[in-house]
4 protein chains.
Amino acid sequence: MTDRTLDALLADLVIANRILAHEGVLDDFGHVSARDPHDPSRFWLSASRSPELVSRADLLRFDLDGRPEDPGQRRPYLETIVHARLYAARPDVRAIVHHHARAVLPFTVTKRPLRPVFHLAAVLGEAVPVWDSVPEFGDTAMIIADGAVADSHARAMGGGNSLLLRGHGATNAEAGLAAVTFVAVTLRDNAEVQAAAEAMGEVQYLSPGEIALTAKMQMGERPLSRSWEYRRARAGFAGL
Amino acid sequence: MTDRTLDALLADLVIANRILAHEGVLDDFGHVSARDPHDPSRFWLSASRSPELVSRADLLRFDLDGRPEDPGQRRPYLETIVHARLYAARPDVRAIVHHHARAVLPFTVTKRPLRPVFHLAAVLGEAVPVWDSVPEFGDTAMIIADGAVADSHARAMGGGNSLLLRGHGATNAEAGLAAVTFVAVTLRDNAEVQAAAEAMGEVQYLSPGEIALTAKMQMGERPLSRSWEYRRARAGFAGL
Amino acid sequence: MTDRTLDALLADLVIANRILAHEGVLDDFGHVSARDPHDPSRFWLSASRSPELVSRADLLRFDLDGRPEDPGQRRPYLETIVHARLYAARPDVRAIVHHHARAVLPFTVTKRPLRPVFHLAAVLGEAVPVWDSVPEFGDTAMIIADGAVADSHARAMGGGNSLLLRGHGATNAEAGLAAVTFVAVTLRDNAEVQAAAEAMGEVQYLSPGEIALTAKMQMGERPLSRSWEYRRARAGFAGL
Amino acid sequence: MTDRTLDALLADLVIANRILAHEGVLDDFGHVSARDPHDPSRFWLSASRSPELVSRADLLRFDLDGRPEDPGQRRPYLETIVHARLYAARPDVRAIVHHHARAVLPFTVTKRPLRPVFHLAAVLGEAVPVWDSVPEFGDTAMIIADGAVADSHARAMGGGNSLLLRGHGATNAEAGLAAVTFVAVTLRDNAEVQAAAEAMGEVQYLSPGEIALTAKMQMGERPLSRSWEYRRARAGFAGL
């Protein structure tokens, strides 16, 4: 029997991979996942392959310990556990992007808090926390490949939706693929604009009231679907 | 009966959408409109869709309160009222772009006035004012979705042709689509050049006399038509 | 009778237009010309059209006062006289580019001298002078549209090969199209690298000895032909 | 008889040329080579041609003094000796890229040490040394065209794998083409991120322990093959 809900989700997951690669948020590394629409204890993520090249046949289903079902010859990403433990910790989250967008990195290795400077970036919240594994785990190979490190990463995000990783990148977690795609692109854009603005002098950031009101509006169905339609067309999926 | 004047305008409005998307001034959000060639109390603007995807079938006619004629299933942009109230306030304006070009944003959240530093940018005038809705309206969702806010925005532009919006973007209003397209691209370019120049030291801006003489020349038919022919070819409309 | 020498030059002049547009040195404005291979009192330049769109049918022959031969319906660029007067002043020059490459502009409006910081940029000489028409001509429309201003511009270049124009752009003049194309691209590249390096601290520029030795080597037939082959392929002329 | 090992290497060498051109590490100049898989006293490098245009027919075999076998009409690069002397000095090296990536250049003309600021850049080691030929050779034409200069360049790399060249560019030397391609791209990326981070304030660099652990992991077969598959697809070799 055809599972149209699942088919639609997996089609969108392939598109989200391609969009985030096309926009330069993901490159040779990084990954995007979605929670299973029927079983919240399972999620879908590509086997180890660069997002620009991911197709339906690469998608695997995992449990919340990061174990794949029926992998065959397909090897999971080393950092699959990042997704697994974050879905376990956050029942509200249905889609996750972990990436190394270059413009975000300076905010992970300096004392500068990343804060929204323009309206679209209200979706980032008042400031994006920075997680570093060193206090708990000392020097590592700087990937999140075991459960204890992944749990620490999930705790650092708290109840928020975005997290910076020191000298590594960022993770975005949202209620769906359109939302997480929009937020990941906007995180990158805000990093560029904020860096340029702060180089000019004192900056007026969005106020807490503006952030709350604007984020609610931006995360509505209309703005997200307009952005998704645009990004998927740019990534080559117009008319599909 | 065929209305060739209107057909030509609407073809150009589609092209202006595509040009401004191709040049990176518009992206998932932002919009461009044109006043009706026969009835100055009406203007044309796409229904809610990213400019890169706009085609003739998306264009709607609106009155100066932002009410669409025959929308059918098509939903207007939430910020349609920006265009409506600016056409009402400014009979000389026949085309408007509202956008969020990233390079312009730092000038909206710092004290740096955006001023022309190279000859093409004379079309921006001596300095571009910055409007903020907070003094009149307090914290908002940072979109211009009602008439009172749109009127405030139109007043802030005064008799000028460009306006920056704090933490949001910019609006350009000119006598035609070729002019407003040229000015919007040039606003973005000047922001990039000015930021780079000011990082180097004291800057010699264009003088008021140079701005007046150069703007008049640049807004002539020859420079505007050369730029339009070039931009439309780059956006994929060569030979049409 | 076929004039193969002229045909080859005009084919290369079309290609130089397309290369410089593709590389972002020329855009809606700016132009590139070549001296006639048989009559040094004549040169070839497109009629008024953006360089990316120039084809053989747009090329006109001019005398050294900027008068076109057989223009028909084709209107010359307003700044044709820049080329005319520079060919008159400099018998050694056989190709000229006048452009507004954005990265160069900050060096025209600040006190920072543009100086070569990496080996390829040795072709710019020890420092590129900056010309401003204000001392002689006061406020203008900032284009070079008459002979007196064009003569001042030519004098400012002296015996050098590159000149910056305050708040306007740059002019490069060399012994051939491959050379002037290479130098114009390299001027832009050096501006970007120099600005980034100077933002980091004290910079070690090329020494006068290095500039002399390296420029001579770079302007040899082998480096110029390798660069031309590459740039023309990127601009879509591979295999022609 | 077919030599499948050699055929595969030369196919990859063509692809490495195209990848590094597509990613903007190589342009009109610069080159990439590979040691012969059967005879360690020989290596393969294109004749003088821009890397984006290199095909199988351009590849020549050289000895460790830079002499080509059967060049026919094909002229070697002037800097072939850079590769020759580095293969002679370093038996562990099987692939070399010499390039002028613009983002790297500021670190070659200032006192700023280039150091890894994010996990992928651990492959650069703790800091990348800078070589200048002036102390030994005085003013030169700034290319490495003779053995004594090439030997000095090889000595400056010591036991490391990356070297900056003052006012010129960089050389990367690794155990294979996938590795050297990854490291050259990452050197460029780190230069951009490090410059942006240092402009913001005090930077936390990777620790020596992190560099050792992370570099070992990144240079493993899985990360390198994922990156290579991605870069070759972007350069137009998907499915080959």
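The values are calculated or read from the model by the stated rules, or taken from the named source; none is laboratory data. None of the values given here were measured: they were computed from a predicted structure. Neighbour counts run over all protein chains shown; Cβ positions are idealised from the backbone, glycine included. Heads up: the accessible areas ignore ligands, DNA and RNA and are worked out on the full protein's heavy atoms, side chains in. Shrake-Rupley method; radii C 1.70, N 1.55, O 1.52, S 1.80 Å.
If you go through region D:226-238 and keep only what is facing chain A (nearest Cβ under 9 Å) and within 21 Å of the chain's Cα centre (by Cα), you end up with D:Arg226, D:Ser227, D:Trp228, D:Glu229, D:Tyr230, D:Arg231, D:Ala233, D:Arg234. Scanning region B:162-200 for residues being over 9 Å from the mean Cα position of the chain (by Cα) and polar (S, T, N, Q) gives a total of 3. With a requirement of 3 or more residues that are open to solvent by less than 20 Å² (accessible area, probe 1.4 Å), the helices (runs of 4 or more DSSP H) lying completely within region C:98-216 that satisfy it span C:106-109, C:147-157, C:177-198. Set side by side, the residues B:Ala145, B:Ala127 differ, and just one is out of contact with any strand residue (DSSP E or B) (no Cβ under 9 Å at 6 or more places or on another chain) and either at pLDDT below 95 or not polar (S, T, N, Q) (or both), which is B:Ala145.
Against the condition under 15 Å from the mean Cα position of the chain (by Cα) and assigned to a loop (DSSP other than H, G, I, E, B), how does B:Asp12 come out, does it pass? Spelling it out, it is not the case that B:Asp12 is under 15 Å from the mean Cα position of the chain (by Cα) and assigned to a loop (DSSP other than H, G, I, E, B). Does D:Arg18 satisfy being under 26 Å from C:Ala179 (Cα atoms), of a type outside the set (Val, Ile, Thr) and within 19 Å of the chain's Cα centre (by Cα)? Taking the combined requirement at face value, the residue satisfies it. In region B:201-225, which residue that is hydroxyl-bearing (Ser, Thr, Tyr) and at the interface with another protein chain (Cβ under 7 Å from one of its Cβ atoms) is farthest from the chain's Cα centre (by Cα)? Looking at the filtered set, the residue picked out is B:Ser207. Figure legend. Inter-residue proximity from region B:217-240: first residues more than 11 Å from B:Ala178 (Cα to Cα), second residues part of a helix (DSSP H, G or I) and β-branched (Val, Ile, Thr), beta-carbon distance below 8 Å, spacing 6+ or different chains. Indicated pairs: B:Gln218/B:Val123; B:Arg234/B:Ile19; B:Ala235/B:Ile15; B:Ala235/B:Ile19; B:Phe237/B:Ile15.
Residue by residue, here is whether (1) under 22 Å from C:Leu20 (Cβ atoms); (2) out of contact with any helix residue (DSSP H, G or I) (no Cβ under 9 Å at 6 or more places or on another chain); (3) not basic (Lys, Arg) holds:
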{"position": "C:Glu69", "(1), (2), (3)": "no, yes, yes"}
{"position": "C:Arg75", "(1), (2), (3)": "yes, no, no"}
{"position": "C:Ala95", "(1), (2), (3)": "yes, no, yes"}
{"position": "C:His98", "(1), (2), (3)": "yes, no, yes"}
{"position": "C:Arg102", "(1), (2), (3)": "yes, no, no"}
{"position": "C:Pro106", "(1), (2), (3)": "yes, no, yes"}
{"position": "C:Pro116", "(1), (2), (3)": "yes, no, yes"}
{"position": "C:Trp131", "(1), (2), (3)": "yes, no, yes"}
{"position": "C:Ala141", "(1), (2), (3)": "no, no, yes"}
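The set of residues in region B:14-62 that are aliphatic (A, V, I, L, M) and open to solvent by 40 Å² or more (accessible area, probe 1.4 Å) comprises B:Leu53, B:Ala57.
The condition of being outside any loop (DSSP other than H, G, I, E, B), away from chain B (no Cβ under 12 Å) and under 17 Å from C:Arg232 (Cα atoms) holds for only one of C:Leu20, C:Leu45, that being C:Leu20. The residue of region B:63-79 that is surrounded by the most Cβ atoms within 10 Å (Cβ to Cβ), among those that are in contact with a His (Cβ under 8 Å, 6 or more places away or on another chain) and within 14 Å of another protein chain (Cβ to nearest Cβ), is B:Tyr77.
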